[in-house]
Amino acid sequence: MDVLPLQNGSQPAKKFAGLDGLRAISALGVVLLHACVPYARHPMPGLAWPVHDGSSRIVDLVLWSIELFIMPVFLVIAGFFAYRGLQRHGETTLVRQRARRLLIPLLFGVVVILPIDLHLWVLGWVIEGQVEPVKLRSFKFDGQIDKDLWGLSHLWFLQYIFLYLCVLSLGSFVGKRFQRLRFPAWSLFQWTLILMVLGTAVLAVRPNVVWGFQHSFWPVPSKWIYSGLFFALGALIAKHDPQFQRLSSVALRLWPPALGMSLAALLLGQWHLNGGENRFASLLLAAFTCLSATLLTTAMIGTVATRVKQVPPAIEYIAAASFWVYVVHHPIVGLIHIDLYLLAPQWNPVIKTGLSFGLATVISLLMYESLVRTTAFGRWLGLGWQRKPKAGDLLPMDTSAKPAVEQPAKAA
């Protein structure tokens, strides 16, 4: 099973099929979040986008609801499989394998995707009249535009995950050689409480970790710490509850408080985005945001981890393509937004959001099928994939109508 929070093409063990399905749906959630950006009533502070085109309360609610939990889901799953990979292969092998799986797609994204993003974003600003056409050649800006433009954009996640893997491996290495430096033997519940307190403290100081976007070519300390807490939670789950038995047993009971906390966080978030300033309310916002992210993530993972034994072929395919979709969808969504801004200015923002999401998803999947799934380029990226036959499937050239024997999943 891959350590990555986005599928790289390996087929998961059957007992983790639910996580694979959750990962696929979450990847689509990222596309939907970006499809919402120009139509949200409360634009995300710090997030540059090529156009802003009307607004909708519904779209705004969808965007900020997804923002609460989408990256924590990926981070917890990544931490879970990182710890499993560490136990199986050791520190050196884990870092070496994951360096290739993460840094090659990151390099591709930086060299190919980010320049496309840059040109599309500036083109959109020229069309909106924010900047002069000459900026399409100079790319020199002042003020907030320059501050929000330069960075890894959506690719920050790959950089952060690789650094977390390095920290996890280093911690394991040190712990093996210096027994006194090992972490206390606390329970998973105790560790979770500690992580939530730390997450709340980070958001109390820097709420824009969630209620905004921090853009940079290098890790932003507050964002790196907050995101790392969820990666750590995934590793702790792998250590204390590797089969998700305890988490699954309480998952259904987590949903009511998770939804309640999320509603409270969204209401306070709207207050914050409207310019509200109150120290106590800001602390509540931080607490509810961190609690809702933790509860929603653990409820989702606990619900699907042991209950879902097999995912439909379509979801399995999306899971395999999800890493590619994550890397390439960004400029596709931006281009669609520019087109809708020009060609359908009067359309309802909800319709535009749905159209942007659907087109970007379909185009990304078609690109995966034609350019990546079975090609040398896909193998170089580490994103190639072929569905393994399962019991009851017929092999393509099988004329004897005998069921294919399921092959055991290869450990990452």
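What follows draws every value from the coordinates through simple rules; no lab data is involved. If you're wondering where the values come from, they're calculated on a predicted model, not measured in any experiment. So basically every Cβ, Gly included, is an ideal-geometry build from the backbone, and we count neighbours across all protein chains shown.
Screening the chain for whole DSSP H helices with an alpha carbon extent of at least 20 angstrom along the helix axis and a mean Kyte-Doolittle hydropathy of at least 0.5 yields 17-36, 57-89, 114-128, 156-177, 188-205, 221-240, 245-273, 279-305, 313-343, 349-367.
By counting other Cβ atoms within 10 Å of each Cβ, how are TYR83, TYR341 ranked from fewest to most?
Numbers: TYR83 23, TYR341 19.
Ranking TYR83, TYR341 by Cβ neighbours within 10 Å, fewest first, gives TYR341, TYR83.
Where does the chain land at 222 nm, in deg cm²/dmol rounded to the nearest 500, when only DSSP H runs of n ≥ 4 count, each adding -39500 (n - 2.57), divided by all residues? Please list the in-between numbers first.
Numbers: 14 runs with 269 residues, N = 412.
After summing the helix terms and dividing by the residues of the chain, the value is -22500 deg cm²/dmol.
Taking the charge dipole of the chain about its Cα centre, with +1 at Lys and Arg Cβ atoms and -1 at Asp and Glu Cβ atoms, the residue from ALA48, GLY124, MET71 reaching farthest to the positive side is MET71.
Computed about the Cα centre, the dipole magnitude for the chain is approximately 1680 debye when only Lys and Arg (+1) and Asp and Glu (-1) carry charge, each at its Cβ. Taking every lysine pair in the chain that is 8 or more places apart or spans two chains, those with Cα atoms closer than 26 Å amount to 27. Considering only ALA238, LEU283, LEU335, the residue lying farthest towards the positive end of the dipole of the chain is ALA238, judged by Cα position with unit charges set on Cβ.
Residues LYS352, LYS309, ranked from the fewest to the most other C-beta atoms within 10 Å, line up as LYS309, LYS352.
Under the convention that each Lys and Arg Cβ holds +1 and each Asp and Glu Cβ holds -1, the size of the dipole of region 191-286 around its Cα centre is about 120 debye. Report which label in (1) 85, 44, 39; (2) 60, 60, 40; (3) 88, 47, 41 holds the value of Cα extents along the principal axes in Å derived from the coordinates of this structure. Step by step, Cα extents along the principal axes in Å for this structure corresponds to label (2). Please give the residues of region 149-180, grouped as numeric ranges, whose backbone N is less than 14 Å from a label point set 7 Å along the Cα-to-Cβ vector of TRP218. Residues 151-152 fall inside that zone.
Counting neighbouring Cβ atoms within 10 Å and putting the fewest first, the residues ARG88, ARG246 line up as ARG88, ARG246.
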